[in-house]
């Protein structure tokens with residue numbers, strides 16, 4: 001099998017001129033149907049169909065989707081990234097993946113690189129370029145768990161998720177409710193978790209506290225910060241039943257370890273709820289009650305939005321894209337041993 | 001900025017024929033240097049350089065590397081995949097990623113798809129197509145932790161890793177040594193872990209047992225299998241000091257949970273050593289002693305082999321690739337609380 005079949009090869013094979021072959025790829029509408037079919041047949045016989053890079057010239061379809069995902073090691077986002085990569089069989093898109101440290105210039109460089117390869121769509125998982133700038137790239141873009149005012153988005157219903165957690169802790173008769181989270185900007189969807197926790201505690205007149213800490217991937221630093229929070233809770237609320245809702249399962253696991261090592265009983269002294277229902281929830285020392293993000297639904301809605309837009313793009317390159325879609329996926333609570 | 005610049009556009013701009021433009025991309029050697037330079041200049045002025053898909057025609061460099069990785073959710077391989085994706089800044093390759101269930105036909109379909117996009121190199125993480133078949137694709141390929149007789153490979157020194165674990169358990173005066181693993185085919189690098197464990201125990205005349213189980217991602221099934229192993233150990237070696245070396249950190253964590261819940265003291269009754277030193281090792285209920293795979297070295301050696309071969313390919317498309325390289329990276333033991 002010859003690796004690269006050239007226009008000259010096709011011309012020789014079909015007895016047409018290279019100019020005609022060039023027109024087939026560059027202005028197919030200028031050829032008669034007969035000639036087009038002749039070339040098409042030759043391409044098949046020459047096994048030319050295997051060169052999709054060439055095919056892109058004729059139909060503009062690269063079937064590439066770019067993904068920019070956070071450079072987090074083993075985390076919910078990695079889980080989501082895997083789920084998206086697994087859609088090939090259903091949607092047929094190939095994914096070119098970049099991981100970013102959450103730096104705007106870095107992300108822009110990656111988008112330029114992706115555009116140079118004529119990606120047909122872009123998925124921004126977390127990430128930080130403002131959506132008003134993303135919009136200007138004028139390609140189908142879906143943001144997941146990030147600010148997405150000017151692009152399409154698919155997010156978990158964070159408000160519902162936090163409500164499920166907060167109400168469960170209240171129903172289980174916790175005296176004091178605690179929420180532990182990173183500081184989150186207002187326009188990021190997950191900030192709704194903080195709002196829901198606060199609103200419900202206030203409405204139901206439940207004693208509560210929110211601890212904000214910048215948690216990074218350094219486990220010693222994280223453990224120290226959580227231990228300090230534990231000491232503050234113990235000082236202030238000794239002998240009260242505490243319900244703790246943490247912003248992700250990994251944090252919740254560390255907190256469980258601290259409690260067990262300090263002879264606190266779960267779920268008698270403390271009840272714990274995480275978020276994501278990532279594998280970390282089941283693997284925890286005490287299996288963790290968690291808010292399950294519906295990763296499958298997030299994945300398929302993301303691909304469905306992109307597919308719809310990409311098809312419209314193919315039909316008429318001059319039309320503006322339709323109005324952005326914002327899909328909200330309801331999470332569920334998965335109860336395990338860390339709550340009653 | 002016009003999105004797609006056609007051969008006709010370039011012809012008009014340069015006052016050359018489309019056939020000449022076609023020759024520039026398909027048989028550049030047939031043009032005079034003057035004409036080539038003229039077209040090159042025009043491409044720049046038309047901002048054509050941004051279309052890398054087109055550029056591929058002229059120089060054959062897609063800068064794409066394909067990756068086929070196992071469809072495991074949060075696991076050492078995911079960690080490795082992330083590390084490879086992070087090399088963009090240093091090596092400049094873009095990665096098209098497929099995840100596979102470990103089915104030969106599925107993997108072949110993905111390779112065909114990747115070849116259609118003219119990838120310049122391929123990384124096979126784990127995966128199952130025999131290397132004698134991979135070799136026939138005649139592109140630079142590096143296998144990681146898989147059979148790689150007929151392709152290049154980068155692997156951890158599994159024999160050394162298992163020796164470090166086994167010798168540590170012996171030095172710490174364990175009476176009985178246990179190894180828990182999946183059944184592993186002889187030609188897969190990680191089978192060396194079993195060989196090293198067995199050889200050292202035999203040479204030093206240490207009582208030992210190997211348990212083979214097919215562990216999958218179902219945590220209940222895994223826990224049940226590990227609990228049965230625990231019961232067998234307890235029945236046979238009650239009141240002896242047990243050293244357990246497990247094939248990965250996730251399994252080791254589950255085993256630690258079983259021990260703690262059955263009131264066994266670690267590291268007094270049992271010492272535990274995992275493999276990989278993935279984040280799971282630090283996150284374990286009792287921080288886990290583990291054999292650290294040098295992910296950075298694995299990543300950079302993989303990219304270095306591919307880069308070297310890709311460059312040779314560019315220089316002379318007719319030369320066969322040089323002899324395969326097989327790089328072995330030494331691991332280290334990271335001691336934590338699960339051993340003395």
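Bear in mind that the values in this text are calculations on the coordinates, not laboratory data. What you see is a predicted model, and the numbers here were worked out from it, not measured in a lab. Counting neighbours? That spans all protein chains shown, and the Cβs are built from the backbone with ideal geometry, glycine included.
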Check your understanding: What is the Cα radius of gyration of the protein assembly as shown over 2.2 N^0.38 Å, N being its residue count?
Key -> 1.09
**Study point:** Inter-part distance where the stretch A:174-197 and the stretch B:206-233 are each reduced to a Cα centre, Å
**Key:** 40
Review point. Once label points are set 7 Å from the Cα along Cα→Cβ at both residue A:8 and residue B:34, what is their separation, rounded to one decimal in nm?
Key: 2.1
Review point. What average number of partner chain Cβ atoms lie no more than 10 Å from the Cβ of the residues making up A:213-222?
Key: 1
Point to revise | Normalised alpha carbon radius of gyration of the stretch A:111-155 [divisor 2.2 N^0.38 Å] | key: 1.04
Practice item. Write down the Å³ per residue value for the convex hull defined by the alpha carbon atoms of chain B. Key: 149
**Study point:** Three semi-axes of the equivalent ellipsoid, the stretch B:218-340, Cα gyration tensor, whole Å, largest first
**Key:** 42, 14, 12
Practice item. Kindly rank A:207-213, B:6-12 from highest to lowest mean number of other beta carbons found within 10 Å of each residue. Key: B:6-12, A:207-213
Study note, to complete from the structure: Taking every residue of A:103-111, the Cβ atoms of other protein chains inside 10 Å of its Cβ average out to 1
**Study point:** Peptide ranges B:180-191, A:230-241 listed from the most packed, as the mean C-beta count within 10 angstrom indicates
**Key:** B:180-191, A:230-241
Exercise for review: Extending each Cα 7 Å along its Cβ direction at residue A:337 and residue B:149, get the distance between those two points in nm, one decimal.
Suggested key: 4.7
Practice item. Please build a GNM for chain B, connecting alpha carbons under 10 Å apart, and tell me which residue among B:136, B:294, B:324 fluctuates the most. Key: B:136
Point to revise | Dmax and Rg, reported as Rg then Dmax, of the stretch A:158-294 (C-alpha, Å) | key: 13.6, 39
**Study point:** Inter-copy spacing of residue A:12 label points, which lie 7 Å from Cα along Cα→Cβ, given in nm from shortest upward
**Key:** 3.3
Exercise for review: Normalising by the residue count of chain A, find the relative contact order in percent from Cα pairs under 8 Å and 6+ residues apart.
Suggested key: 15
Point to revise | DSSP-defined antiparallel bridges as percent of all bridges, the protein assembly as shown, nearest 5 | key: 10
**Study point:** For residue A:294, label point 7 Å along C-beta direction: distances to other copies, nm
**Key:** 4.8
Study note, to complete from the structure: Mean separation of Cα contacts under 8 Å (at least 6 apart) over the residue count of the stretch A:158-294, i.e. the relative contact order in percent, is 26
**Study point:** Rg(Cα)/(2.2 N^0.38 Å) for the stretch A:70-112, N = residue count
**Key:** 1.31
Review point. Got the residue B:269 label distances to the other copies yet, label 7 Å along Cα→Cβ, in nm, shortest first?
Key: 2.3
Practice item. From other protein chains only, count the Cβ atoms within 10 Å of every residue's Cβ in B:91-98, then give the mean. Key: 5
Exercise for review: Give me the number: length gained by fully extending residue B:297 to residue B:261, i.e. 0.36 nm times residue separation minus the C-alpha to C-alpha distance, one decimal in nm.
Suggested key: 9.2 nm
Exercise for review: Just report the Cα centroid separation between the stretch A:61-133 and the stretch B:72-138, whole Å.
Suggested key: 17
